[in-house]
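Report on the following structure.
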Amino acid sequence: MKQLDVKIKIGFLIALLLLVGMVLLDLVMVFASQKHVIRTEKEKVDVLIDFICVQLISGPDGEDGFNDGIDTERIRNVLDTPGVTAVVWVDIRGDLHWLGGREDGVAASLGRLVQTAKNKRVRRSEFIGETWGVFWRQRKYLSLAKPVFDASGNAAAAGISLCLEPAYAQLRKTQKFIGWYLLINTILLSLVGLYRIHHLAIRPIMKIVRRAEGFRAGDSTFLLEEGGENELSRLSSAFNRILDLNREDQEKLQYTVSRLETAMTELKQAQQEIIRAEKLATVGRLSSGVAHEIGNPIGIVLGYLALIKQPDTEESEKEDYIRRVEDEIERISTIIRQLLNYSRPSGEGRQEVSIHDELADVIQMVRVQPLFADVDVDAEFTALNDTVLADPDQLRQLLLNFMLNAADAVKMSEQTDQGRIRIESENRTPSGPDGKELPGMVRLVFEDNGVGIAEEDLGKIFDPFFTTKPPGMGSGLGLWVSLLIVESMGGKIEAENNPGGGARMILSLPVYEPHSGNLDEYNGNKQ
């Protein structure tokens with residue numbers, strides 16, 4: 001079917017081009033024929049006028065002078081010439097003589113033309129009226145006037161009006177024959193051209209198409225070599241050489257892709273190891289604070305137990321001491337449980353998580369740390385939608401890094417007034433370049449009144465192993481790991497200094513909207 005469509009299109013194109021060419025050729029022929037016909041008619045009229053002029057200047061005895069006794073019968077024979085409609089002459093005295101068509105407007109116009117030729121002593125011609133030519137309207141009558149002189153220089157003139165319609169009729173008759181000839185010629189040439197094009201081009205191309213449609217990976221050759229040095233044979237050889245080169249390139253590409261996949265897997269594993277190592281470092285740092293915090297309630301428990309052992313302690317007092325011991329033990333259990341919950345991997349993967357809930361848990365966990373003993377933590381949650389898609393374990397690690405960095409900055413400032421960490425949340429709907437609203441974001445701002453960030457370091461704080469803390473206090477991986485986690489969630493982190501002192505870290509994460517289908521997108525990225 002496809003081959004038939006190609007043949008029809010090519011055949012139609014060939015026929016159209018040939019037809020246009022034939023029509024243009026025919027138009028040129030018609031123009032040339034019409035000019036030739038008019039030129040021939042003019043020559044015929046010239047001969048007839050010369051005949052009349054001879055009659056005008058031939059005397060009775062062959063003398064050279066105007067003849068007053070013109071033989072009109074001989075001139076009348078001119079009217080028998082096909083196409084001649086009127087004959088007019090003017091004698092030396094200016095008298096106008098008519099033969100045929102005297103009442104005709106064409107003859108009247110011819111009379112004026114002959115008078116003009118006599119008076120101005122020049123040959124004059126004009127076309128009068130309209131008739132149908134071959135393809136369009138043409139002039140119907142050809143009028144020609146010519147002066148004649150005697151030996152004394154006296155002038156007379158003669159003119160003839162010739163109808164061109166018989167000549168055009170003959171051209172139209174000839175054109176019909178030519179039209180049929182051109183049509184038959186176009187059809188025959190189109191068929192011959194289509195046959196040759198099919199044999200030379202369409203059939204080899206369709207063979208290539210069928211081979212391409214049936215070609216499968218692993219085939220050794222695209223086309224079989226054909227005998228001879230024709231175009232198909234050379235094309236087959238060229239395709240086979242391309243296939244050989246392509247096969248080699250594919251093998252190299254597959255090997256490179258395999259190496260890249262292996263490297264990417266190893267890189268992801270290394271990133272996860274770094275994240276886990278940074279988490280363990282944070283756990284170790286929190287553990288020292290937990291050990292210090294547990295010492296106080298343990299001392300209280302031991303004191304109450306000593307009071308309970310005294311023999312003079314009343315039962316009501318013992319019950320009160322036991323209740324207080326239980327409270328302190330519950331306090332110890334809560335601190336240890338929070339540390340264990342943070343330190344063990346969740347294995348839950350990405351899920352719907354409330355940032356406010358996770359941040360509240362992190363704030364409660366760090367309050368017991370000695371690092372936060374002189375730091376006032378103020379949280380104001382104004383975001384109406386705080387649900388994001390995240391790994392709860394990684395989200396807690398991210399929030400904890402921000403809290404610890406802010407507290408470290410406050411301690412490094414060595415200020416006498418109270419240290420402050422302020423956390424705010426809000427929702428924002430950013431706009432794209434075309435003004436269209438993008439998916440909503442939840443924005444967390446961590447502000448502190450610590451030492452701030454040097455202007456030259458603002459562009460480097462997220463680089464791995466970059467740190468401004470004293471030796472032994474930081475590995476320089478905390479913010480880099482945080483950046484990895486945030487980017488994997490489709491968010492971003494910004495850092496800037498507060499005008500009044502301290503630093504501000506801005507965390508933006510996409511809000512989870514169930515109808516948007518971004519849960520599938522996250523799961524796909526994870527896989």
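The values are calculated or read from the model by the stated rules, or taken from the named source; none is laboratory data. Since this is a predicted model, take the numbers as computed values, not measurements. When we count neighbours, we look across all protein chains shown, and the Cβ atoms used for this are built from the backbone with ideal geometry, even at glycine. Calculation scope for accessible area: heavy atoms of the full protein, side chains included, ligands and nucleic acids excluded. Shrake-Rupley method; radii C 1.70, N 1.55, O 1.52, S 1.80 Å.
Table for the structure above
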{"item": "Residues E251 and K207, FRET efficiency given R0 of 25 Å [Cβ-Cβ distance, rounded to 0.05]", "result": "0.30"}
{"item": "In the stretch 87-161, GluC sites (Glu not before Pro) in a DSSP loop with at most 15 other beta-carbon atoms within 10 Å", "result": "E103"}
{"item": "Calculated FRET efficiency for the pair R172/D95, C-beta based, R₀ 41 Å, to 0.05", "result": "0.50"}
{"item": "Exposure of D150 as accessible area (Å², to 10), given a probe of 1.4 Å and all protein chains", "result": "30"}
{"item": "Label-point separation in nm, H36 to D376, each point 7 Å along Cα→Cβ", "result": "11.5"}
{"item": "Test item: Cα-centred dipole of the stretch 138-177, Lys/Arg +1 and Asp/Glu -1 on Cβ, debye", "result": "400"}
{"item": "Options G100, G159, L191, ranked by Cα towards positive dipole end of the stretch 99-191, top entry (Cβ charges)", "result": "G159"}
